[in-house]
Amino acid sequence: MAKPFFSLQKFLRRAQFFLFFLTVAYLMAGSLLLLQRSYLVIQQNRGTAWSQGSSVDSLTPVDQRIFQSTYWNANGFMAGNLRSKSLTNSRHTLLDQPLWHISRNSELRQLRRRWFHNFVNDREQSQGTVLKLQKHTVVNKGTYIGCFTENVEDRTLKATVFYDLRKMTIGHCQSACAERTYLYAGLAYGSECYCGNSLPSIHAKEDECNNECKGEKGSVCGGVNRLSVFQLQEQQGSAKQRMNVTYRGCYRTPENGTQIFPASILNLTTEICSEFCSSKEYPLAIIRGLECFCGYPTVQFNLYERLDDSLCTGSLNDSIGSEVLREDSYCSVYQTPIQDTRCTTRKFLPTKSKVFVALSSFPGAGNTWVRHLIEHATGFYTGSYYFDGTLYNKGFKGEKDHWRSGRTVCVKTHESGKREIEMYDSSILLIRNPYKALMAEFNRKCAGHLGYATERHWKSKGETLKWPEFVNSYASWWASHALDWLQYGKKLLVVHYEDLKKDLIEKLKEMVTFLNLPINEDRFLCVENNKDGNFKRLGSSQTVLDPFTREMKNLINGYIRTVDKALRSRNFTGLPEEYMPR
C-alpha cells in the first residue's frame, strides 16, 4: 500500500507545480495585453485631442508663429522666404524642410493612424448601408439554365462584373448583367459574377454547383470551376441596347479592314449593326456604306485620329468640283454596351518579385483608379499596405495578400515618414491638386468610394465630421506626404493625376516601363476603352461649387508653393499650373 501512496503523492506535487506555472504565464500574458491596450488608448486620446481644435488654435506653437510672422501674407507662404531648416540627406544633397513640416511630423503620424482605423470603419458602415438597399431593390429576373463547366483560361462568360465575398446574391448578379444588356449571368464560387451572350459549351452535374451564395442562404451560386447560369429576360426589346450605344466619330477605314474586323454583315440601319455586334460581344460597331463590321480598337485602328463627321455622311466635291463618293474611305464608329474583355484577365506574378515598389499617394489622389489602370495594362494584380474588403470584392485580389508577398507589381500606400518609405526599393508618387484631393477624400469619408457628400456635410450642419477641421488637418498631410517621399524615396517616378487624365496612354506606359514590365499595345487600347472601370462616383455631384474659404486657400496655397519648390529641387517638373495659388 505504501508504494501506490507515494506515487500518488509524487503525481500531485507535479500537478501543483504545473498548475502554478500555468497561472503565472496567464497573469503575465494578461498584464502585457493590458499594458498594450493602455498605450493605444493614450495614443488615440492624444491624436483626438489634437484634432478637436479650431483651424488656428489647433496648430502647434511653431505653426502659430508662422501665421503671425512676416513670411505669411494673403497669398500664403512665400516660396523664397519661407523659414526652413536644411537637413542632410545621404541620397539627395540638402533639402529645405519647412519648420511646420518638422514640428508636425508626430501629429501627422497620429492623423494617418486615425485615418486607417476610420477608413476600415467607414468601409464597413457604408457597405452595410448599400447592402440593405440592395436587399429590398434586387429581384431575380432570369430563368435558370443549368450548371456548366467553367474554363478559366478561356471563359465563355468573359465579362467580369464584380465579386462579393460577403453578400453575393443571384438577383444582384442578374441585375448587373441586365444593366449591361447581356443575355446570360453566371455565378461561381458563391461570390463571383460573370456576364455574356453565349452559353458555355459543357454541361456539368447539378450537384457540382454546390456553393451557397454568400449573401443568400439556400441559394446556389455555382461551385469550384462551375457556373450556375441564368438567362435574362429581355428588357423592352432592343430599345435598351440602342439607348446604350454611343457614337465615337468618323474615322478612316483601314486598308485591310476585312482582316482586322472579325465579324460583318450587310448593314441596313445603325440599330441593326449595333445589335448584331452586341450579340457577338464586340465593343465596336463600324459602319461603312452598306457594310457593318464588329471588332476592337487595334494598333491599325486605334481611334486616335477622329475626322470631320461630314466625311461619313455622304458625298463631297473633289479638287475639280465634281462630286465623288467617299464611303469606302471612311467609316462611322459606335461604342456598344459590351465590355472590352481583352485586358480584364489578371493574375499574380508567376515568380515572386524581390523588388518592392510602392504606389504612394495622399488619400483622395486617385490611387484606386491608377491601380485599375496598371492591373489592366499589365495583367498582374497590385497589392496594398491595408486590407480593404470592399476593393477586394470589386476584383482587387491583391488586397488579401500580405504587402510583402512579392506576388504583386506594386503596393498601394498612403504612409510617409523615413522608416515607412525606405522599406520600398522604388516608388511611384501620385500627386493630385490638393483642392481636388481634399474634396475627393471628404466625399469618400461622407459617402464612400462612389458617392458624394451632401450640402449638409459641406456646411457641417449637425455633422460629426466638420469640413473646416478636416481641411486644417488634412491639408498639411498632403504637403508632408509629398515632401517625405521626395526626401526619402530611393528610386522615384512622379506622376501627376491631371497629366494622367490628359495623356492616359503615354503616362501609363511610363509607369509600366518603370515597373520593368512589357508593353502590350492591345491591352493599352483595351484600358483606354475601359479607363473608368467601376470607380466613377454615382449620382449628382456636390452642390457646393467652392467650399474653400479665403483662410483655407491661404493655408493650402502655402503648401502648394512648398511642394512645388521641393519638386524642382529634386530636378522633377514642378506642379501643374492649375495647382498654383488661387
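The values are calculated or read from the model by the stated rules, or taken from the named source; none is laboratory data. What you see is a predicted model, and the numbers here were worked out from it, not measured in a lab. Ideal geometry is used to build each Cβ from the backbone, glycine not excepted, and the neighbour counts take in all protein chains shown. When the accessible area is computed, the model is the full protein with side chains, heavy atoms only, and any ligands, DNA or RNA have been set aside. Shrake-Rupley method; radii C 1.70, N 1.55, O 1.52, S 1.80 Å.
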Subset of region 277-296 (residues that are basic (Lys, Arg) and surrounded by fewer than 19 Cβ atoms within 10 Å (Cβ to Cβ)) | Lys280
With the checklist (1) over 23 Å from Phe162 (Cα atoms); (2) touching a residue at least 12 places away in the same chain (Cβ under 8 Å); (3) open to solvent by 10 Å² or more (accessible area, probe 1.4 Å) in hand, flag the one item Arg419 doesn't pass.
-> (2)
Would you confirm whether any residue within region 531-549 is within 17 Å of Ser476 (Cα to Cα) and modelled with pLDDT under 90?
-> yes
Note down all Cβ pairs under 7 Å where the first residue falls in region 547-565 and is in contact (Cβ under 8 Å) with a residue 24 or more places away in the chain, the second is of a type in the set (S, T, N, Q) and open to solvent by 20 Å² or more (accessible area, probe 1.4 Å), and they're at least six residues apart or on different chains.
-> Glu551/Ser55; Asn557/Asn75
Where residues in region 380-415 are crowded, with 18+ Cβ neighbours inside 10 Å and among the small types (Gly, Ala, Ser), which of them is modelled with the lowest pLDDT?
-> Gly395
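For region 204-271, give me every one of the strands (runs of 3 or more DSSP E) that falls completely inside it and has 3 or more residues that are more than 20 Å from Leu290 (Cβ to Cβ), open to solvent by less than 50 Å² (accessible area, probe 1.4 Å) and modelled with pLDDT of 90 or more.
Fully inside region 204-271 and qualifying: 226-232.
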Under 9 Å by Cβ, and 6 or more places apart or on different chains, what pairs join a residue from region 353-370 that is charged (D, E, K, R) with one that is part of a loop (DSSP other than H, G, I, E, B) and surrounded by fewer than 18 Cβ atoms within 10 Å (Cβ to Cβ)?
-> Lys354/Gly406; Lys354/Asp425
Exactly one of (1) touching a helix residue (DSSP H, G or I) at 6+ places or on another chain (Cβ under 8 Å); (2) open to solvent by 30 Å² or more (accessible area, probe 1.4 Å) is unmet by Asp425. Its number?
-> (1)
Here is a list of conditions, (1) more than 21 Å from the chain's Cα centre (by Cα); (2) surrounded by fewer than 22 Cβ atoms within 10 Å (Cβ to Cβ); (3) modelled with pLDDT of 90 or more, and Ala479 meets all of them except one; can you say which number that is?
-> (2)
Scan of region 341-364 for residues that are open to solvent by less than 40 Å² (accessible area, probe 1.4 Å), more than 19 Å from Asp425 (Cα to Cα) and out of contact with any Phe, Trp or Tyr (no Cβ under 6 Å at 6 or more places or on another chain), ordered by number = Thr341, Cys343, Thr344, Pro363, Gly364
Cβ pairs under 6 Å, 6+ apart, first in region 200-217 and in contact (Cβ under 8 Å) with a residue 40 or more places away in the chain and more than 15 Å from Asp164 (Cα to Cα), second part of a loop (DSSP other than H, G, I, E, B) and acidic (Asp, Glu) = none
Do we have Ser274 as touching a Phe, Trp or Tyr at 6+ places or on another chain (Cβ under 7 Å), open to solvent by 60 Å² or more (accessible area, probe 1.4 Å) and in contact (Cβ under 8 Å) with a residue 12 or more places away in the chain here?
-> no
